[in-house]
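Undergrad: Just dropping this structure here.
The values are calculated or read from the model by the stated rules, or taken from the named source; none is laboratory data. The structure presented is a predicted model; accordingly, all values stated were derived computationally and were not measured. Note that each Cβ is placed from the backbone with ideal geometry, even for glycine, and that neighbours are counted across all protein chains shown. Ligands, DNA and RNA are stripped out before the accessible areas are found, and what is left, the full protein with its side chains, is counted by its heavy atoms. Shrake-Rupley method; radii C 1.70, N 1.55, O 1.52, S 1.80 Å.
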Amino acid sequence: MRAAMLSVPLAAAVLAAAAPSQAAAPSQSAAPGQAGRADHADRAGTSLTCRGNGVDPAAKIRYRTATVIHAPLRTIWNLQTDVERWPSWQPPVTSMKRLDAGPLREGSRFRWTTPVPPTSTTPATTLTITSTVQQLKHGTCIRWTGPAIGKGLRIDRGVHVWTFIKVWGGVLVQTEETWTGAQVEADVPTSIKYLGGGLEEWLKELKATAEARRSGKG
């Protein structure tokens, strides 16, 4: 899972404020290589998958985006799957702990935290996110799920899928995430806005870090 308030962009899952509900924002289609445009509900009826499993098809809160990273697939994959080092390149991740040993694999669990600011309906808090890897194909895709819980703020279940495809000059990285839970579903457009901000920032940081390492600057 991944989320972010505008003042605290979150590079990985989880946050939204409960407020009076309103109609969902219209969808936008993500163009490969452009982070910043997203597909909130895929018009083609398909979602990203890893080993045949995708995000929650019934979720009201959904965001999808993509970018091309000009770096080797191995560099990008290692950054994304070495979760214990996330805090070194994702400032919003304030702590991270693997709950098992060895390489990240199906069944691996990790717990991480991120602070979030107050809103008109929720207090400032720190979200604790417990993620479980459900599917993983080395160098190709990863899918994890889990809740995010803080004082006065909760996401019952987030489902997050990442895919990695070699293209000319780099790697097309795509990501899609859904949230479910009564609190975040109380204001779907706001939740989508925060979820999208977090995913866009995550891709931005992943791209900057991977490309810096390719050029020898990181």
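Undergrad: Using modelled amide H (1.01 Å from N, peptide plane; none on Pro or chain starts), what sits under 5 Å from the amide H of Gln135, excluding residues fewer than 5 places away?
TA: Under 5 Å from the amide H of Gln135 lie the amide H atoms of Arg143, each far enough along the sequence or on another chain.
Undergrad: Ordered by packing density, taken as the mean number of other Cβ atoms within 10 Å over each peptide's residues, highest first, how do 182-188, 192-198 rank?
TA: The most tightly packed comes first, giving 192-198, 182-188.
Undergrad: Right, another one. Cα centroid distance between segment 85-111 and segment 52-82, in Å?
TA: 16 Å
Undergrad: Related question: Counting only protein heavy atoms and a 1.4 Å probe, tell me what percentage of segment 121-218's accessible area is made up of carbon and sulfur.
TA: Reported share for carbon and sulfur atoms: 54 percent.
Undergrad: Same structure again: Skip the ligands, DNA and RNA, and give the accessible area per residue of segment 69-167 with a 1.4 Å probe, whole Å². Mind dumping the intermediate values first?
TA: Working: 4460 Å² over 99 residues.
Per residue, segment 69-167 has an accessible area of 45 Å².
Undergrad: Work out the charge dipole of segment 91-144 with +1 on the Cβ of Lys and Arg and -1 on the Cβ of Asp and Glu about the Cα centre, then indicate which of Pro117, Leu127, Thr140 is farthest towards its positive end.
TA: Thr140
Undergrad: Not counting ligands, DNA or RNA, and with a 1.4 Å probe, what is Ile149's accessible surface area in Å² rounded to the nearest 10?
TA: Estimated to the nearest 10 Å², Ile149 gives 80 Å².
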